[in-house]
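Below is one structure; the comments refer to it alone.
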Amino acid sequence: MTNWLFHLRGAPLSARIGLALIVIYAILALFAPLIAPYGESEVAGAAYQPWIAPYYLGTDALGRDVMSRLIYGARNTVGLALITTCLAFLIGAALGLLAATVGGWVDTALSRLIDVLMAIPSLIFALLILTITGASATALVLVIAALDSTRVFRLSRAVAQGILTMDYIEVARMRGEGLGWIIRREILPNASAPLIAEFGLRFCFVFLFISALSFLGLGLQPPTADWGSMVRESARLISFANFATWQTATFGLAPLLPATAIAILTVAVNLVVDWVLHLSSGLKD
Amino acid sequence: MALKLSPIPKLVLKRLAIGVLTLIVVSAVIFWAVELLPGSIATEVLGQSATPETIAAFNAQFGLNDPPLWRYVTWLGNAVQGDFGQSLVTRRPITDLIGDRAFNTFFLAAYAALIAVPMSILLGLIAALYRGSLLDRWISSSTLAVISFPEFFVAYILILIFAVQLGWFPSLAGVTPAMSLGERLYVSFLPALTMVLIVTAHMMRMTRAAIVNLLALPYIEMAELKGMKRWWVIAIHALPNAVAPIVTVVALNLAYLIVGVVLVEVVFVYPGLGQLLVDSVAKRDMPVVQAACLIFAATYILLNLVADVIGILSNPRLLHPR
Amino acid sequence: MTKLLEIRDLWIEGRSGDDWHKIVKGVNLDLARGEVLGLIGESGAGKSTLGLTAMGHVRPGCRIAGGSIRFDGQELVGASAQVLRHLRGRRIAYVAQSSAAAFNPAWRLIRQHCEAPVRHGVMPRAQAEAEAVRLYAEMRLPDPDQIGFRFPHQVSGGQLQRAMTAMAMACKPDLIIFDEPTTALDVTTQIEVLAAIRDIVRNHGAAAIYITHDLAVVAQMADRVKVLLKGEEVEDAPVREMLAHPREAYTRSLWAVREFQPAPRGPAPAGPPLLQIDAVDASYGTQKVLDNVSLAVPRGRTVAVVGESGSGKSTTARVVMGLLSPTTGKVTFDGAVLPTTVGGRPRKLLQRMQMIHQMADTALNPRQRIREVLGRPLEFYLGLKGRAKEARIRELLTEIELDPDRFIERLPGELSGGQKQRVCIARALAAEPELIICDEVTSALDQLVAEGILRLLDRIQRERGISYLFITHDLATVRAIADHVVVMQHGRVVEQGDKARIFSPQHEAYTDLLLSSVPEMDPDWLTQVLEQRRAAG
């Protein structure tokens, strides 16, 4: 840990900005009820109020405060994406490391299964499954985690295979170490850098994926505040964007607010991932 | 040197066989997934109020009384011949529903690909050749930003600028079969541009990475040390060997185009397969969802297949075995 | 003789992160027409970097920080790309270390050969192709009329290296840079390539810079030798003078392993051998890699297994360690037949034999500190914990001549190559084994460091009576440390016996070929060997 803090001091500006943004999002998500001026689905006033106090970012068609919904959205959308990514990593990395280390038919069987799953485009697969299960948060998490774990499986298997060619693995095997020791103590510490970077990338992917599904009306269901659905709900307004007055301009920009929130977070995570990848490639030299 | 048969036909056949097998497995997954549905399709569609008589009639009409394996085989057999059965909701043949829409979707994807592929290869090449320059850094950071944006964000920004503010293009891409090619190209310009932007960013970054890897190889340095001009080294030594990696990148992104089209179609209300799929999912119209999924998945698998085959064909080690 | 190449006070820097560090530090170099200069030094000495600057080329991430390079009166530092292009390939040519990577895989050899002469307008394609065939013949390539029409992957490594030398000669250059051209080759192939290179350079009167880390090779090829150490010149002298009277201690250390003498030892111990391999066959898939291999390792002695790549020497080690199961035959350890897999062997048995790998870099987990590296076997085999374990780790570090206080907390990345190999030795010793398999343990190390490792292994053997199965391709190491020698080729044991017997004349044809192909320090060695071989027919 001190190691990472040490690296942070030498981090480029882009990575620092990325980290700062992530921290802000995290604070918003964690303390949403304390920060948001209104409740998540509370009707705060008249519909389509302009960006003036007390509705700093206006209100939506039902008169709910947009800023409050954006803040709660951080909690819902980001939280869901985080849970999904963690689950995908747990499944994918565990199976990937296991397949690479055990090898033989276990590896072949798992890899074939994953090949087939990956042969179906994930958005299409998700749509198919959600048709059957119906759109609920649990279904969303499980489906996307399962689909995403295939990519994590591929990566962690490839990384582990690279590490397994190292002589220190052979030394551990010849010493008589068991599978658990080899995976936990010999492989995992050396796979951490690429896996951390992959976690960031996967998170972005999952996050965009959930937002996309919500945007299509198949993700989180109302009245839960969620950025993707917020874009969907206000999408039509963009045609009325008119920069003549403050009121008309802000009215038309409504769908861009949640979309920007999504975009900024993914850019921030990507900036940090770029830096981590750079660090881990530098550490190899 | 004993003459040996080139291993290429064998490898290509093997790859084709794997492709066909994957298609069959995927079609089975698409078909059987619906079978996992709790309760029957009939109650799902007809609702709680359905009487046993209406359910029986429904089941008879859609052949749901046959054993599942038989239904799968007939479904797949008919699908291969272009017959996807009947929609549960509209009760019309799915082929009628899909025909125009599939054409529209492939038209849009092709439109975007024709612009995106040459542009991204060129940009990727330039970024790789002038690696570390200001131009490279600018291209890299702007593509990183575009990759991070959700598709609908890019789409709405474009709508805001080109449709709402400038009024150059329509924000709704409602193409009709009666339109001429020119009209079609004009009306679907914004959805195509959205896809171009997103796909170019991905494709360019991948092309750049592939070329950078290639330029670091010793035989490129060797060509430079033989006093060859820069353009000659790139055109004669690097590019022929870059075919396989670039084709892989292109195929991957074309596959993405076909699939990513779903969101873009919804934003621009473009009458394509993707929009039909999303609508059918919302209405839980299983046969239509299955048909659309099958078409998307098959396209995706075929594109990857083509990329792999080209990769095999462009490998000198395989073309000229020892 | 006029000066062809004149390098004055050259400084080259390389970038690591945002910092520039110096790779070449103020080196001067003179080369007359037709002269061959050997550039020698250990890894990281900057010899390849220096060699490439003679073509005005610096690799990406490096830059010339100062000095001048004059080729035939023309300044190359700061010269335009056009000027450099005009020289490269035409008047200065380059032969790379790895010919397999330096040939474009998509082109036939002859097309690559003709590229420089045709593109530089030296001669038309037809003439260039005719010349190519002539040069192939001169490089003693088989079937010179046809070999050019093959693709690089269709030709063996030694042939490819010769084809690349022929390609360098295509425009009859004034200067050729050879960058370790034979390092990747086996000794029996190397000698042929060396002979071909030497003759073609002499016949064409070209000047050459020959870069290598092997002094014995450079002794055959060069008129004069320049020794580099960490980017600085140590010594520059005619080759015979340097070998006879090296001025600097560092120069002398370049042949340290050859001068290593183990301490005299007592009479051979009586009793049955510790390890016995009986008629073992083994295969990878359908390919047979060991064929009827038998050998024995007596207690407290060193048995060296020598052979070229693909001879099955490392596979033999894998069979003994239980990483590969033999298809037939058996391996006996201390009188009992060994289970064929690691999984089938009890911990007490695993403890009794340990292995040390060639690449200490990859044999140590980069994320484990030395304390953990050495502590794990102590805990795993001996059940040591806490203070007892710590004390033993310190003892082991002292035994391998590393200061425990300074090293116990370090990560492998903070050690030099020799120190890493010492830690690997300590890890093997921690198990208190009776047999250690050493797989090319000194091959990746510089001479002086390698000699230190051999000295350490020799001392440990005397103190603890451990047996070594020493796998190597380097005959100088075998001479230095072995009691018995086993010669392997194509998965078979060709010959085995006492070191004295193997190194005395009259043995199997392959042993003869192998032993006579190892370069010696004597500058006349190559000429003599070739004459002897010619006389023998």
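The values are calculated or read from the model by the stated rules, or taken from the named source; none is laboratory data. Predicted, not measured: the structure shown is a model, and the values here were computed from it. Don't worry about glycine lacking a Cβ; one is built from the backbone with ideal geometry, like all the others, and counts go over all protein chains shown.
Here are the numbers:
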read-out: Filter result for C:LEU402 (away from chain A (no Cβ under 14 Å) and in a loop (DSSP other than H, G, I, E, B)); value: yes
read-out: Filter result for C:ASP199 (over 30 Å from C:ARG301 (Cβ atoms) and assigned to a strand (DSSP E or B)); value: no
read-out: In region A:229-285, residue modelled with the highest pLDDT [restricted to those that are charged (D, E, K, R), over 19 Å from B:LEU158 (Cα atoms) and assigned to a helix (DSSP H, G or I)]; value: A:ASP274
read-out: Tabulated pairs, region A:252-272, first facing another protein chain (nearest Cβ under 7 Å) and farther than 17 Å from A:LEU57 by Cβ, second crowded, with 21+ Cβ neighbours inside 10 Å and of a type in the set (S, T, N, Q), C-beta under 8 angstrom, 6+ apart or interchain; value: A:THR266/B:SER148; A:VAL267/B:SER148; A:ASN270/B:SER148
read-out: B:VAL281 among the aliphatic types (A, V, I, L, M), without any contact (Cβ under 8 Å) to a residue 40 or more places away in the chain, at the interface with another protein chain (Cβ under 7 Å from one of its Cβ atoms) and in a helix (DSSP H, G or I); value: yes
read-out: Leading residue by the ranking (modelled with the highest pLDDT) among those in region B:30-71 that are within 13 Å of chain A (Cβ to nearest Cβ) and farther than 24 Å from B:PRO93 by Cβ; value: B:LEU36
read-out: Unique residue being in a loop (DSSP other than H, G, I, E, B) and either in contact (Cβ under 8 Å) with a residue 60 or more places away in the chain or surrounded by fewer than 18 Cβ atoms within 10 Å (Cβ to Cβ) (or both) when the list is B:ARG131, B:ARG137; value: B:ARG131
read-out: A:LEU98 under 12 Å from the mean Cα position of the chain (by Cα) and touching a residue at least 40 places away in the same chain (Cβ under 8 Å); value: no
read-out: Residues satisfying the stated conditions in region C:492-520, i.e. surrounded by fewer than 18 Cβ atoms within 10 Å (Cβ to Cβ) and part of a loop (DSSP other than H, G, I, E, B); value: C:PHE503, C:SER504, C:PRO505, C:GLN506, C:HIS507, C:GLU508, C:GLU520
read-out: Any chance C:THR477 is touching a residue at least 40 places away in the same chain (Cβ under 8 Å) and polar (S, T, N, Q); value: yes
read-out: Filtered residue count, region B:252-278, keeping only those that are assigned to a loop (DSSP other than H, G, I, E, B) and buried (at least 24 other Cβ atoms within 10 Å of the Cβ); value: 2
read-out: Criterion: over 30 Å from the mean Cα position of the chain (by Cα) and at pLDDT 90 or above - qualifying residue of C:ALA296, C:ALA279, C:ALA317; value: C:ALA279
read-out: Flag if B:ALA223 is of a type in the set (A, V, I, L, M, F, W, C), within 14 Å of chain C (Cβ to nearest Cβ) and buried (at least 16 other Cβ atoms within 10 Å of the Cβ); value: yes
read-out: Looking only at region C:337-358, and only at residues there that are in contact with an Asp or Glu (Cβ under 6 Å, 6 or more places away or on another chain) and part of a loop (DSSP other than H, G, I, E, B), the one that is surrounded by the most Cβ atoms within 10 Å (Cβ to Cβ); value: C:HIS357
read-out: Filter pass, C:PRO181 being touching a Lys or Arg at 6+ places or on another chain (Cβ under 8 Å), crowded, with 20+ Cβ neighbours inside 10 Å and either under 30 Å from C:ASP30 (Cα atoms) or outside the structural domain of C:HIS473 (by the TED database) (or both); value: no
read-out: Search result, residues across region C:308-324 that are crowded, with 19+ Cβ neighbours inside 10 Å, in a loop (DSSP other than H, G, I, E, B) and within 13 Å of chain A (Cβ to nearest Cβ); value: C:GLY322, C:LEU324
read-out: Selected residue [farther than 30 Å from B:SER87 by Cβ, within 11 Å of another protein chain (Cβ to nearest Cβ), assigned to a helix (DSSP H, G or I) and touching a residue at least 24 places away in the same chain (Cβ under 8 Å)] from B:ALA292, B:ALA242, B:ALA298; value: B:ALA242
read-out: Any hit, region B:109-123, residues being part of a helix (DSSP H, G or I), within 14 Å of chain A (Cβ to nearest Cβ) and either out of contact with any Asp or Glu (no Cβ under 8 Å at 6 or more places or on another chain) or at positive phi (or both); value: yes
read-out: Subset of region C:247-259 (residues that are surrounded by 19 or more Cβ atoms within 10 Å (Cβ to Cβ) and either modelled with pLDDT of 90 or more or closer than 26 Å to C:ASP9 by Cα (or both)); value: C:THR251, C:LEU254
read-out: Any hit, region B:195-211, residues being under 30 Å from C:LEU76 (Cβ atoms) and part of a helix (DSSP H, G or I); value: yes
read-out: First in region C:351-374 and free of Cβ contacts under 8 Å to residues at least 12 places away in the same chain, second anywhere and assigned to a loop (DSSP other than H, G, I, E, B), Cβ under 7 Å, 6 or more apart; value: C:THR362/A:MET166
read-out: Entirely in region C:17-134, the strands (runs of 3 or more DSSP E) that have 1 or more residues that are within 11 Å of chain B (Cβ to nearest Cβ); value: C:92-95
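This table checks each residue for (1) modelled with pLDDT of 85 or more; (2) closer than 30 Å to A:SER214 by Cα; (3) touching a Lys or Arg at 6+ places or on another chain (Cβ under 6 Å).
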| site | (1), (2), (3) |
| --- | --- |
| B:LEU160 | no, yes, no |
| B:PRO177 | no, no, no |
| B:ALA192 | yes, yes, no |
| B:LEU225 | yes, no, yes |
| B:PRO245 | no, no, no |
| B:ALA251 | no, yes, no |
| B:VAL261 | no, yes, no |
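Per-residue answers, yes or no, for (1) within 14 Å of chain B (Cβ to nearest Cβ); (2) within 26 Å of B:PHE296 (Cβ to Cβ):
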{"residue": "A:SER68", "(1), (2)": "no, no"}
{"residue": "A:THR84", "(1), (2)": "no, yes"}
{"residue": "A:ALA88", "(1), (2)": "no, yes"}
{"residue": "A:GLY92", "(1), (2)": "no, yes"}
{"residue": "A:ASP107", "(1), (2)": "no, no"}
{"residue": "A:LEU117", "(1), (2)": "yes, yes"}
{"residue": "A:LEU142", "(1), (2)": "yes, yes"}
{"residue": "A:ALA160", "(1), (2)": "no, no"}
